[in-house]
Amino acid sequence: MEKASTMVATTGAVDCVIAPLLVAMSNHTDVLGQMRSEWRYVGRTSHARASLDSFRSSHPDLPLDGARDLRDVVGALEVSSGRTVIERAAIVRALLESAIDPEIHRALLQTLIPGVVSICRQLRFGDGIVDDPSEAVAMALSFTSDVINDWSGESRQYAAPDILSAARGRLRRWLMKEKEARRLIATHDQIEIVANDASPLLTRLQNLRGGQYDRLAALTYARVFEGRSLRDVATDDHSSPASLQQELRHFAIKFLL
């Protein structure tokens, strides 16, 4: 699956945020349940407490009385916490300012989960474009994390809606690319149409031969220019047609479109 560019400020943060999402997408697991389950532990660690101490020192005016760790900070952002809309907005704004810290980044992502679900609902969870709604959710979480990384250190009055709006735009563009890739790979008739005007595509494939993506370039060539069926190509590749189609679609999105 194509990653949504660099996710957070450090490689370690990339691993802790992105890797579980990619695994969830490939296994069709409950992405949101996995995130919430993970957070019950992550938000209480010594790292989370240390990050809260630093965060509190940088933002002494925030209404965080009684917070012991980052789980408590996320809890403070719930409507039931008793804090006003303005107070909750101030906390989110400060979290974005400090999001270069991977623990703070993770806390901000956690508190935005309801909003992420909302933008997925607006885009119908990629219905008709992706095979499983969890894939759209996982990508939306990835893009939200990406936006947090891009904007970390900034001070935004409307941080939460701004982040979610940007993530929605990225998710929508990704879904459009997925839809176009399906046209490119899905059926023999569609592929023949592409091949009639395929010199740029052929050039890209030739440039990818002999390198890291030689296998996928060769398989795409077989589908597009030789007109071989997905089942025949998958048989020669010793892979299932469904998994190979997904691989080719993601390859097309990343390198050919």
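The values are calculated or read from the model by the stated rules, or taken from the named source; none is laboratory data. Computed from a prediction, not measured in an experiment: that's the story for all the values here. Note that each Cβ is placed from the backbone with ideal geometry, even for glycine, and that neighbours are counted across all protein chains shown.
A few remarks follow.
- R40 vs. criteria assigned to a helix (DSSP H, G or I) and crowded, with 18+ Cβ neighbours inside 10 Å: no
- Criterion applied to L96, L141 was being within 13 Å of the chain's Cα centre (by Cα), in contact (Cβ under 8 Å) with a residue 60 or more places away in the chain and either farther than 22 Å from A48 by Cβ or not assigned by TED's automatic domain parsing to the domain that holds H250 (or both), and the one residue passing it is L141.
- Filtered residue count, the stretch 202-221, keeping only those that are touching a residue at least 12 places away in the same chain (Cβ under 8 Å) and in a helix (DSSP H, G or I): 10
- Residue count for the stretch 109-156 under the criterion of being small (G, A, S), surrounded by fewer than 19 Cβ atoms within 10 Å (Cβ to Cβ) and closer than 20 Å to E178 by Cα: the result is 1.
- Residue check: E87 meets all listed conditions (1) surrounded by fewer than 20 Cβ atoms within 10 Å (Cβ to Cβ); (2) assigned to a helix (DSSP H, G or I); (3) among the acidic types (D, E); (4) under 24 Å from the mean Cα position of the chain (by Cα) but one, namely (4).
- Selected residue (criterion: nearest to R93 (Cα to Cα)) from residues of the stretch 124-135 that are touching a helix residue (DSSP H, G or I) at 6+ places or on another chain (Cβ under 6 Å) and modelled with pLDDT of 90 or more: F125
- Restricting attention to the stretch 165-185 and to residues that are farther than 17 Å from R124 by Cβ, in contact with a helix residue (DSSP H, G or I) (Cβ under 7 Å, 6 or more places away or on another chain) and not charged (D, E, K, R), the residue that is modelled with the lowest pLDDT turns out to be I185.
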